[in-house]
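Please read the structure below before turning to the comments.
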Amino acid sequence: MRKLSLTHWLLCYPKTALVGCLLLVLISCSGLAKLWISIDYQVYYANDDPYRLALNSLESQYGKTQNAYLVIRNKNSKENATTPEAIQALYELTQAAWQIPFSQRVTSVTNYKYIQAQGDDIQVAPLLDNPVSLSSAEIKVALQRLQQEPAVNQLLLGKDQIMTAVNVGLHLPDNPIAETRQVTQYIRNMLTDFKQRYPHFQFFASGSVFADEVFAVATEQDLLTLIPLSYAVLIVFLVILLRSTRAMLLVLTLVTLSVTIAFGIKGWINPVISPVTAFAPSMIMIIAVADCIHLLNGFMYHRRQGLTPSAAVIESLRLNSRPVILTSVTTIIGFLAMNFSSSPAFHDLGNVVAIGVGAALLLALVMLPAFLLIKPIPVTANASVISRFMPYLAKKLAQYPYVFLTSSLLLSLLLIVGISQNKINETFIAFFDNSFEFRQNAEAIDHHLTGLHRIDYILPTDKAEGIFQPSYQQTLAKFSHWLRQQPEVAHVETYSDIIKRLNQALHADKPAKYTIPDKAELIAQYQLLYELSLPYGHDLNNRISFNHDATRLTVRLWLTDSAAILAFDQRVQNWLELHAPDIVQTQQKAGLISQGIGIDMMFAHIALNNIPAMYYGTLVALLLISFIIIGALRSLKVGSLGMLTNLFPITMAFGLWGWLSGQVGLSISVVASLTLGLVVDDTVHFLHRYLHARRHQGLTPSQALTTTLESSGVAIVTTSIVLAASFAVLAASHYTPNAQLGLLTAITIIFALVIDLLLLPPLLFLLDQRLTHLSVIKEVEHAPH
């Protein structure tokens, strides 16, 4: 009754309907001004995420972990970066780095505070403070001494001496969008100046501040490139498949307005745009096309049957509005299931796309018919190639159902086996393809200097001043030594190295005295002497706690993946439990996280945690969608059959992914939920049209199959091609998680089309024929009209 009322209202007041939809768009537009792009990686993590809380706690006590890493390399491959000219350039770069906005600590080999004894006192001063006044021999000797320092080796100076670096500690405010760009732009301008002054050297930069910036760059690139590409693909395919420029423009208008409504509402609810939500406009456009195509194809089909424009609109709504509403609801459920994800960024993606799908449904059922009633689009008399192929396919399916069924099942099973090859893993640097300067610089630094991945460990004692206890210092030294033996480790920065170096310096630099003193009072005195000798920006506040009851140890790992990072951290936990039980017990009593802390640990855990979360989310969505479809089709067996076959495309896609890649990261882990609502759409249209032919037209299974493919098959193929092609465009993203998400979604949609055309029809046909007098037809014949 509601559907008839809506149709009647549209027939009477099409212009009012059109104006009402435009007013909704205008009201929504007010939220667009609130949107802003976030460069904060923490948008991926919940506020109560333990690894996020641990990092925030670490930074509040020991200072921010943000840094810029400035590197010098000789362009002449036969010379290293330790020539007198290179050291002079490094010295000037170190001095200039203090002028970088928000810089707090600047360290390089030219200002590294080398510890030397002067009688009973110590001197902490650079060995290369004024390199222009030093000879080549003096520079060489100084570098040899500095390279023996653990804090220098493989952080400020590589073993092969091909690169030297300036490490700049930064203290930026929370969510520093403008400040990050200010810092990175300042550094680029500064390095450009150095390139002109020292043309024989390469100058480039990396560090966490550039990692933050690259997230924003990736987001902007996707917004500026993927949306136009999606439009281009939609235009091409819509013109080819609809064979009407006006129809294409109408569809593009509707999908654009759907995106506008969705992001306008998002501006009021959650205005943050992350690299993940930058994917949403294209997704909404792609999905919104499906509703329009089904209704337009119905309109064109009935116009070719000789109906007037008004009658064709009414008939298209009568036959298609119910499945369009049903498929939109199932798609919305699939996207809302992404709220089960452990990452808020994917909650946001699911929610905004769900809003966009709802907006597209409203516009498709109200604005599209209103426009067709006001100004009908012309329809070509000739049927398309796809529509001419459908009767032939129906005939072959009815003739050889077992051949199609067996072939489809064998192909499905062959692909599904590949699921066993998938492994939960993530590689942070692979988030960005080689077009990003950040990745190029990070890989070059990793090859010659130090590792990109940074993990911090907070090692507490059970009392104030506890870090001065010899037993604690010895454990710290043993732990540091063990870490340096691990193959993943590039560099270790630890407080115990300073104490050992002080002890050695105050014993005439004897190598045998590079050990921990045996008295707490002596260790405390060493530290006091050391701190009194340090200038601004070189204190130990980033290493030791305020009341001297804990220290911070930093490990840098060579470029690797999340599985290797987690395996390394587990070995660390095992070592600490075995060799430092007092530290572990103190951590537990204080409620401190015993695992490593840092961005890399957060990213390593998120994919691992997201898999089980999305498993439950997908299961809940599957159950809800199943109940809705079974209820809407009024057939338990047919509805169950449809849902069962819709599991095939998803499992086939993940199986193929196992054969092709096998790496399942954060973005891949949400594909099942994301595509579940999409792959159901064509199945619902097929089953709804088939049951209508059997229930209301009294056709035989063979006739119903032919009619279904002739009327709905064209729309099914058209929407699948457009959806798959458009998602494949998203695979062009330079931000790898988005590219993988788009690619695997496109693969899933193609498999769904294969299943809907080659597996579901013969399966339904055979079931209908065999159980005509037992089950399926009873439901068909006695179902309420």
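The values are calculated or read from the model by the stated rules, or taken from the named source; none is laboratory data. If you're wondering where the values come from, they're calculated on a predicted model, not measured in any experiment. Positions of Cβ are backbone-derived with ideal geometry, glycine not excepted, and every protein chain shown enters the neighbour counts.
Restricting attention to the stretch 149-192, which residues are under 16 Å from Leu449 (Cα atoms) and part of a loop (DSSP other than H, G, I, E, B)?
Result: Glu149, Pro150, Ala151, Val152, Gln154, Leu155, Leu156, Gly158, Lys159, Asp160, Gln161, Ile162.
Given the conditions (1) of a type in the set (Val, Ile, Thr); (2) surrounded by 18 or more Cβ atoms within 10 Å (Cβ to Cβ); (3) in contact with a helix residue (DSSP H, G or I) (Cβ under 7 Å, 6 or more places away or on another chain), report the number of the one that Val620 does not fulfil.
Failing condition for Val620: (2).
Any residue at all in the stretch 270-284 that is surrounded by fewer than 22 Cβ atoms within 10 Å (Cβ to Cβ), more than 18 Å from Val366 (Cα to Cα), in the same structural domain as Ala728 (by TED's automatic domain parsing) and not aliphatic (A, V, I, L, M)?
yes
Show the residue pairs that are 6+ apart or on different chains and have beta-carbon atoms under 8 Å apart, the first residue being within the stretch 7-18 and β-branched (Val, Ile, Thr), the second being surrounded by fewer than 19 Cβ atoms within 10 Å (Cβ to Cβ).
What qualifies is Thr7/Arg318.
Consider Val217 carefully, then state whether it is outside any helix (DSSP H, G or I), surrounded by 15 or more Cβ atoms within 10 Å (Cβ to Cβ) and β-branched (Val, Ile, Thr).
no
Taking the residues in the stretch 485-538 that are modelled with pLDDT of 90 or more, hydroxyl-bearing (Ser, Thr, Tyr) and not in a helix (DSSP H, G or I) as candidates, determine which candidate is surrounded by the most Cβ atoms within 10 Å (Cβ to Cβ).
Restricting to residues being modelled with pLDDT of 90 or more, hydroxyl-bearing (Ser, Thr, Tyr) and not in a helix (DSSP H, G or I), the top hit is Thr494.
Residues to consider are Ile445, Ile424; find the one that is among the β-branched types (Val, Ile, Thr) and modelled with pLDDT under 90.
None of the others qualify; the one that does is Ile424.
Would you confirm, using the coordinates I've provided, whether Pro581 is assigned by TED's automatic domain parsing to the domain that holds Thr327 and not acidic (Asp, Glu)?
Numbers: assigned by TED's automatic domain parsing to the domain that holds Thr327: no; not acidic (Asp, Glu): yes.
When the stated conditions are applied, Pro581 does not pass them.
Would you say Val251 is surrounded by fewer than 18 Cβ atoms within 10 Å (Cβ to Cβ), assigned to a helix (DSSP H, G or I) and assigned by TED's automatic domain parsing to the domain that holds Leu326?
Values: surrounded by fewer than 18 Cβ atoms within 10 Å (Cβ to Cβ): no; assigned to a helix (DSSP H, G or I): yes; assigned by TED's automatic domain parsing to the domain that holds Leu326: yes.
For Val251, the condition - surrounded by fewer than 18 Cβ atoms within 10 Å (Cβ to Cβ), assigned to a helix (DSSP H, G or I) and assigned by TED's automatic domain parsing to the domain that holds Leu326 - is not met.
Can you tell me which residue within the stretch 461-484, out of those that are among the small types (Gly, Ala, Ser) and buried (at least 16 other Cβ atoms within 10 Å of the Cβ), is nearest to Ile544 (Cα to Cα)?
So the residue we want is Gly466.
For Met614, work out the one condition from (1) buried (at least 22 other Cβ atoms within 10 Å of the Cβ); (2) part of a helix (DSSP H, G or I); (3) more than 25 Å from the chain's Cα centre (by Cα); (4) of a type outside the set (D, E, K, R) it doesn't fulfil.
If we test Met614 against (1) buried (at least 22 other Cβ atoms within 10 Å of the Cβ); (2) part of a helix (DSSP H, G or I); (3) more than 25 Å from the chain's Cα centre (by Cα); (4) of a type outside the set (D, E, K, R), just (3) comes out false.
Failed condition for Pro50, given (1) surrounded by 15 or more Cβ atoms within 10 Å (Cβ to Cβ); (2) closer than 18 Å to Ile593 by Cα, with all others met?
Unmet for Pro50, out of (1) surrounded by 15 or more Cβ atoms within 10 Å (Cβ to Cβ); (2) closer than 18 Å to Ile593 by Cα: (1).
For Val620, only one of the following conditions fails: (1) touching a residue at least 40 places away in the same chain (Cβ under 8 Å); (2) closer than 27 Å to Gly466 by Cβ. What is its number?
If we test Val620 against (1) touching a residue at least 40 places away in the same chain (Cβ under 8 Å); (2) closer than 27 Å to Gly466 by Cβ, just (2) comes out false.
What about Pro401, is it farther than 22 Å from Arg304 by Cβ and modelled with pLDDT under 90?
yes
Can you spot a residue in the stretch 183-200 that is closer than 30 Å to Tyr536 by Cβ, in contact (Cβ under 8 Å) with a residue 12 or more places away in the chain, touching a Leu at 6+ places or on another chain (Cβ under 9 Å) and polar (S, T, N, Q)?
no
Using the structure shown, decide if Ile650 is assigned by TED's automatic domain parsing to the domain that holds Phe340, under 29 Å from Asp756 (Cβ atoms) and at pLDDT below 85.
Spelling it out, it is not the case that Ile650 is assigned by TED's automatic domain parsing to the domain that holds Phe340, under 29 Å from Asp756 (Cβ atoms) and at pLDDT below 85.
Which of the numbered conditions does Ile87 fail, given that it passes all the others? Conditions: (1) of a type outside the set (Gly, Ala, Ser); (2) surrounded by fewer than 18 Cβ atoms within 10 Å (Cβ to Cβ); (3) closer than 23 Å to Asn67 by Cβ.
(2)
Within the stretch 448-490, which residues are among the basic types (Lys, Arg) and under 30 Å from the mean Cα position of the chain (by Cα)? It would help to see each step written out before you state the result.
First, the residues of the stretch 448-490 that are among the basic types (Lys, Arg): 454, 463, 478, 484.
Selection gives Arg454 alone.
So how many residues does the stretch 433-458 have that are of a type in the set (A, V, I, L, M) and assigned to a helix (DSSP H, G or I)? Step through it out loud before you land on a result.
In the first step, residues of the stretch 433-458 are kept if they are of a type in the set (A, V, I, L, M); the result is 442, 444-445, 449, 452, 455, 458.
Cutting the leftovers down to assigned to a helix (DSSP H, G or I) gives us 442, 444-445.
Selection size over the stretch 433-458: 3.
Can you say whether Pro150 is at pLDDT 90 or above and crowded, with 18+ Cβ neighbours inside 10 Å, as far as the supplied structure shows?
Working: at pLDDT 90 or above: yes; crowded, with 18+ Cβ neighbours inside 10 Å: yes.
Taking the combined requirement at face value, the residue satisfies it.
Are any of the residues in the stretch 640-647 more than 24 Å from the chain's Cα centre (by Cα) and closer than 29 Å to Ile445 by Cβ?
Within the stretch 640-647 (the criterion being more than 24 Å from the chain's Cα centre (by Cα) and closer than 29 Å to Ile445 by Cβ), the answer is no, since none of the residues qualifies.
What are the residue pairs meeting all of these: first residue in the stretch 580-609, first residue within 20 Å of Asp462 (Cβ to Cβ), second residue among the hydroxyl-bearing types (Ser, Thr, Tyr), Cβ atoms under 6 Å, and 6 or more apart or on different chains?
Partner pairs satisfying both residue conditions: Ala580/Thr475; Gln587/Ser594.
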